[in-house]
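In what follows, a single structure is set out as structure tokens and then discussed.
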Amino acid sequence: MMEKKWIIKERGDSAVVRQLAERLEISDSLANLMVQRGITTPGEAQAFFYPSLDSLHDPFLMKDMNIAVERLSSAIKKNEKILVYGDYDVDGITAVALVYSFLKEHYSNVDYYIPDRYKEGYGVSFQGLDYASENNCRLIITLDCGIKATEKIQYAKSRGIDVIICDHHYPGDEIPMAHAVLDPKQPGCTYPYKELSGCGVGFKLIHAYSKIHAIPFTEIIQYLDLVAVSIASDIVPITGENRVLAYYGLKQLNESPRTGLREVIREAEIIRTLTIEDVVFRIGPRINAAGRMESGARAVELLISSDPKLAYGISKEIDNYNIERRNVDRLITTEAMRMISEDKRTSNAKTTVLFNPSWKKGVIGIVASRLIETYYRPTVILTESNGFATGSARSVQGYDLYQAIESCSDLLESFGGHMFAAGLTLKKENIRPFAERFEQYVNRTITEDQLQPRIFIDAGLSFSEIDDEFFRVMNQFQPYGPENMAPVFMSRNVFDTGSGRMVGSSGEHLKLELYQEGDPLKILPAIAFNQAHRFEYIRRGEPVDICYSIELNEFRGVRSLQLNIKDIKSARVAAPS
């Protein structure tokens with residue numbers, strides 16, 4: 001097991017922390033968490049803890065929005081057929097469900113299309129455009145894709161089809177000649193918030209259309225459950241506008257989710273208040289599983305359905321896909337780890353690049369992430385599709401994977417993505433040259449520090465500070481996510497009471513009862529997943545330093561605070577200061 005490096009964040013300015021603590025009547029530790037997140041005044045705290053829909057930006061601040069709304073309005077006025085086209089992952093699926101459902105409320109001549117992951121691949125496809133042409137669609141709205149589809153958009157124009165692109169990815173050197181391009185990351189777009197999900201950009205389009213056509217904002221709030229699922233699943237920052245959208249979307253998910261999502265929640269057996277973490281690990285993977293194993297269109301069908309019986313049937317089907325997906329990804333991960341262990345060249349490598357033509361394309365991104373948990377280095381997993389090698393790449397914390405792949409662009413047919421995740425396609429004969437060039441580039445540019453997994457700790461904390469009131473205030477930092485992660489604390493010189501034990505199907509986890517040196521009466525229950533290798537040391541009564549998050553545990557109707565331990569170190573080894 002690779003040793004993790006603990007990095008303690010710098011404390012906020014002590015005078016600012018003290019003043020904020022006094023004015024809000026909270027502890028210095030809680031005030032410090034706020035200052036670390038850029039909250040330094042009671043007014044900023046109010047805006048952070050009580051997000052307001054009134055703070056959403058005017059959608060017309062987005063470049064081309066007025067052109068997009070005019071073209072959409074014209075299509076509806078002329079009764080032209082509209083095709084809502086999205087990618088096959090959660091962001092694309094929720095975006096299609098959102099825009100299609102909204103249009104269907106006001107207009108009947110609308111259809112949707114999700115490309116087949118295996119036959120068409122990512123984004124706008126010629127097959128999808130042919131489908132649009134054959135079905136007399138005069139307008140296509142792309143969601144979560146299209147910003148790099150220069151050639152495809154030209155093809156659509158040649159078939160007499162206008163395209164409105166709604167995307168949130170970085171554009172290439174050339175912006176497609178679409179009728180309108182909505183992407184806050186494109187050059188010349190002065191939209192104040194750049195980190196919307198693809199579904200978020202779709203929401204902005206329907207918001208703008210609603211403003212022009214006097215549709216009350218209260219009518220489109222119902223779609224925020226879909227936006228929240230996209231924000232959580234696409235791992236975009238939960239800051240600014242995304243925080244507001246996620247906050248109200250979670251509220252909707254918990255109070256009155258649409259029929260399809262209600263069935264997914266039931267299938268996932270979530271009976272408490274849903275969090276972003278639940279969406280990331282339990283809702284999103286189920287929606288994703290349809291596109292990974294069969295067809296993403298099935299998940300759209302679920303999310304647009306208002307028929308409980310139909311939604312129940314599809315959610316069952318999708319849950320089966322998810323079980324199958326888990327089995328397949330476990331099998332491929334085992335095969336991949338064997339390939340790495342048998343290849344002597346990989347032992348000192350700074351990267352992993354693996355190819356197996358029989359691996360299922362839909363799960364190799366997950367496999368890449370799993371391998372990083374063990375080998376912790378930039379990883380590319382490839383399989384065969386349509387005669388090419390195609391696959392997914394994942395990075396380690398702080399390393400720009402996209403640049404590394406871009407340095408090999410002459411060996412690639414296509415690629416896209418961002419700093420931490422990317423997709424790529426290349427000729428099979430280029431796999432070896434790519435692997436060598438990729439390794440050389442990463443070896444030259446990555447630091448030893450980036451090759452060690454890190455845990456970022458917000459602050460040191462004494463057990464005496466942890467009580468229900470501390471947790472109540474801290475819990476208002478939700479929804480958690482990138483750039484507003486659940487706080488992680490460190491406590492030194494901690495002991496188990498002697499009742500600690502190994503738990504789990506193969507004893508891989510630890511269930512502990514902990515107290516801190518000098519305060520034996522303050523005992524806190526803790527769970528440490530996949531850390532059974534620390535048990536012998538703890539059982540001997542040795543002191544340990546722990547880093548952890550604080551959560552609410554519910555067991556047989558009783559709720560109590562519990563420490564979720566991220567890592568354990570011997571207190572006899574100097575911990576980070």
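Before moving on, here are some points about what is shown:
- If you go through the range 331-369 and keep only what is within 16 Å of Ala289 (Cβ to Cβ) and not small (Gly, Ala, Ser), you end up with Leu331, Ile332, Lys360, Lys361, Val363, Ile364, Ile366, Val367.
- The one condition in (1) touching a strand residue (DSSP E or B) at 6+ places or on another chain (Cβ under 6 Å); (2) touching a residue at least 60 places away in the same chain (Cβ under 8 Å) that Ala178 fails to fulfil: (2)
- Residue satisfying all of: in the range 73-119; of a type in the set (D, E, K, R) and under 25 Å from Val229 (Cα atoms); modelled with the lowest pLDDT among these: Arg117
- Within the range 340-355, the set of residues being modelled with pLDDT of 90 or more and of a type in the set (Lys, Arg) comprises Lys350 only.
- The set of residues in the range 392-429 being part of a strand (DSSP E or B) and either of a type outside the set (Phe, Trp, Tyr) or closer than 13 Å to Val353 by Cα (or both) consists of Ser392, Ala393, Arg394, Ser414, Gly416, Gly417, Ala421, Ala422, Gly423, Leu424, Thr425, Leu426.
- Restricting attention to the range 151-171, the residues that are part of a strand (DSSP E or B) and open to solvent by less than 30 Å² (accessible area, probe 1.4 Å) add up to 4.
- Meeting the requirement of 3 or more residues that are open to solvent by less than 60 Å² (accessible area, probe 1.4 Å) and closer than 30 Å to Lys185 by Cβ, the helices (runs of 4 or more DSSP H) wholly within the range 1-85 are 28-36, 42-49, 65-77.
- Every residue from the range 463-480 that is closer than 17 Å to Lys566 by Cα and open to solvent by 10 Å² or more (accessible area, probe 1.4 Å): Tyr480
- Residues considered: Tyr399, Tyr376, Tyr441. Of these, the only one that is in contact (Cβ under 8 Å) with a residue 60 or more places away in the chain, open to solvent by less than 50 Å² (accessible area, probe 1.4 Å) and among the aromatic types (Phe, Trp, Tyr) is Tyr376.
- The listed residue being buried (at least 22 other Cβ atoms within 10 Å of the Cβ), among the charged types (D, E, K, R) and either modelled with pLDDT under 95 or within 24 Å of the chain's Cα centre (by Cα) (or both), out of Lys185, Lys194, Lys148: Lys148
- Here Glu508, Glu554, Glu536 are screened, and the one residue that is open to solvent by 40 Å² or more (accessible area, probe 1.4 Å) and under 25 Å from Tyr480 (Cα atoms) is Glu554.
The values are calculated or read from the model by the stated rules, or taken from the named source; none is laboratory data. Since this is a predicted model, take the numbers as computed values, not measurements. Neighbour counts run over all protein chains shown; Cβ positions are idealised from the backbone, glycine included. Protein only, heavy atoms only, side chains kept; ligands, DNA and RNA dropped before computing areas. Shrake-Rupley method; radii C 1.70, N 1.55, O 1.52, S 1.80 Å.
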